[in-house]
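Colleague: One structure follows; several queries about it will come next.
No lab work stands behind these numbers, since they all come straight from the coordinates. This is a predicted model, so every value here is computed, not measured. Cβ placement follows ideal geometry from the backbone for every residue including glycine, while neighbour counts extend to all protein chains displayed.
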Amino acid sequence: MYNDDKNINSQQGAGTVSNEAVARICQFETGKQYGYRMGQKDLYGYDNGDANGKKTYGYGLLFHPSGKKYMQDIKPVWTQPELEELFKQMVQKKAQKVAEWANQNGVTLSQGQFDAMTSAAYNFGNKFFQKGICQVIAQDPNNPQIPKMWSHLSDAQAKKYPGLLRRRNEEAGWYQNGTTIA
């Protein structure tokens, strides 16, 4: 849950994403801090070539958090307050999926592990939970090979999206050490 003003604070506790994680996800998705002044591409959407012609809005929003509809199929233009609220909802939705996954697999995650998984789930969508790394985490969340595996999750897209390598490396360190690189 989040405050409904311009800050992005969430209540901390089991199964919640940290404030630091929400801020980093925003930074990963936009290269900017939460609450940045959005431009036309944010509000009208842009096609970055990785979603089969579907537009991405604001904080990397492709799908609406309420379901499986694309943002552009709900409406073509969004306001900044709408996109900020939808971003917070989507992060929370992905955090809930991580908590459900951990519960189903009997895994206890540290805050850093939980936050890193939430960031990856935000970026990959629910496909993240089918990746081999999640099977390894389910067997032993402290397996020393996880950071190395994590840092290679986006190798296939690295040439087209070099920022993904940095994101995966940061998430790997975050998963292992519990802190992000600001």
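Colleague: Out of the residues in segment 70-88 that are among the acidic types (D, E) and surrounded by 13 or more Cβ atoms within 10 Å (Cβ to Cβ), state the one that is farthest from N123 (Cα to Cα).
Modeller: E82
Colleague: May I ask you to list the residues in segment 12-32 that are exposed (fewer than 13 other Cβ atoms within 10 Å of the Cβ) and closer than 19 Å to L62 by Cα?
Modeller: Across segment 12-32, the qualifying residue is only G31.
Colleague: Filter segment 49-69 down to the residues that are under 25 Å from E171 (Cβ atoms) and either in contact with an Asp or Glu (Cβ under 6 Å, 6 or more places away or on another chain) or surrounded by 13 or more Cβ atoms within 10 Å (Cβ to Cβ) (or both) and list them by number.
Modeller: Passing the criteria: A51, K54, T56, Y57, G58, Y59, G60, L61, L62, F63, H64, P65.
Colleague: Which one of these does A120 not meet: (1) surrounded by 14 or more Cβ atoms within 10 Å (Cβ to Cβ); (2) small (G, A, S); (3) at positive phi?
Modeller: Among (1) surrounded by 14 or more Cβ atoms within 10 Å (Cβ to Cβ); (2) small (G, A, S); (3) at positive phi, A120 violates only (3).
Colleague: Filter the helices (runs of 4 or more DSSP H) completely within segment 16-112 down to those with at least 3 residues that are free of Cβ contacts under 8 Å to residues at least 40 places away in the same chain and touching a Pro at 6+ places or on another chain (Cβ under 6 Å).
Modeller: Where helices (runs of 4 or more DSSP H) fall fully within segment 16-112 and carry at least 3 residues being free of Cβ contacts under 8 Å to residues at least 40 places away in the same chain and touching a Pro at 6+ places or on another chain (Cβ under 6 Å), they are 80-104.
Colleague: Would you please name the residue that is farthest from K131 (Cα to Cα), looking only at residues in segment 144-169 that are among the small types (G, A, S) and in a helix (DSSP H, G or I)?
Modeller: Among those that are among the small types (G, A, S) and in a helix (DSSP H, G or I), it is G163.
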